[in-house]
1. State the antiparallel share, in %, of DSSP beta bridges confined to the stretch 1-131, rounding to the nearest 5.
2. Determine, for each peptide in 244-255, 26-37, 201-212, the mean count of other beta carbons within 10 angstrom over its residues, then list the peptides with the highest first.
3. In degrees, nearest 10, range 0 to 90: what is the angle between the Cα axis of helix 109-123 and the longest Cα principal axis of the chain?
4. Percent antiparallel among DSSP beta bridges with both residues in the chain, to the nearest 5?
5. Do the sum for the chain: with -39,500 (n - 2.57) for every DSSP H run of n ≥ 4, divided by all residues, what is the mean residue ellipticity at 222 nm, to the nearest 500 deg cm²/dmol?
6. Give me the log10 of I(q) over I(0) for the stretch 1-131 at q = 0.09, 0.11, 0.15, 0.22 Å⁻¹, as the Debye formula computes it from C-alpha points; what are the numbers?
7. To the nearest 10 degrees, how steeply does helix 243-255 sit against the main Cα axis of the chain, on a 0 to 90 scale?
8. Output the peptides 170-181, 108-119 sorted from most to least packed, where packing is the average of other Cβ atoms within 10 Å over each peptide's residues.
């Protein structure tokens, strides 16, 4: 029997790397560029016993909250849920649906469709893993950036990190390798909803400062006040990779792409 990873993004690829190191057989699908659009694809579930449902229409904060993308996100993610879950429910499978720790605080298409996905998966007796802001090495630094990759791209190409806010807002970040490990552990949990995030919060300015020290870029703080998103009290998960080390790895990977 094998595991099936739905999604070839940052997280899906990290899960694949983890299973490979553990010598566990798996297959992975979910890249539109390969003709694997999971909104329409028929899944080959023969010999599959475990499913990692990480595929989703995601991006940085600007993309997720941009008014012009809301209708597309609703349509894309709802179609994804209908196609995938209607097929999985016909089999007896262990399934983990990847959601977000902010599911009850993000009132956008992203947050609301994740909430729908959670409710549907719990009804089917699947596990739900709520993750925090993940980051790590990526092959695409310019499309739908998250704050850490955006700051790194600015630091390496402009030698300056221009912040949109003061940076005082609190965030919770988790290196993608740790996120994959936490998701994998969720299959053995007796809980139906598992929070996988860092026990330590950090300000966005602190993140910029870490990147500045590692790259030599200067920081230009903005004037806007950002919202606080605190996930630290929701978890007992213990990351193996520190924020500083995760950023260092991401910076080194980004240098090869810039």
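Each value in this text was obtained by applying a stated rule to the coordinates, not by laboratory testing. All figures in this text were calculated on a predicted structure; none of them were measured in a lab. Every residue, glycine as well, gets a Cβ built from its backbone with ideal geometry; the counts of neighbours run over all protein chains shown.
1. On the way: 0 of 18 bridges.
Taking every DSSP beta bridge within the stretch 1-131, about 0 percent pair in antiparallel fashion.
2. Details: 244-255: 16.9, 26-37: 14.4, 201-212: 19.0.
Highest to lowest by the protection proxy: 201-212, 244-255, 26-37.
3. Rounded to the nearest ten degrees, it is 30.
4. On the way: 2 of 31 bridges.
Bridges in the chain that DSSP calls antiparallel: roughly 5 percent.
5. On the way: 8 runs with 99 residues, N = 258.
The per-residue figure over the chain is -12000 deg cm²/dmol.
6. These q points yield log10 I(q)/I(0) values of -0.25, -0.37, -0.70, -1.48.
7. Between the helix axis and the principal axis of the chain, the angle is about 90 degrees.
8. On the way: 170-181: 23.0, 108-119: 19.4.
Ranking the peptides 170-181, 108-119 by packing returns 170-181, 108-119.
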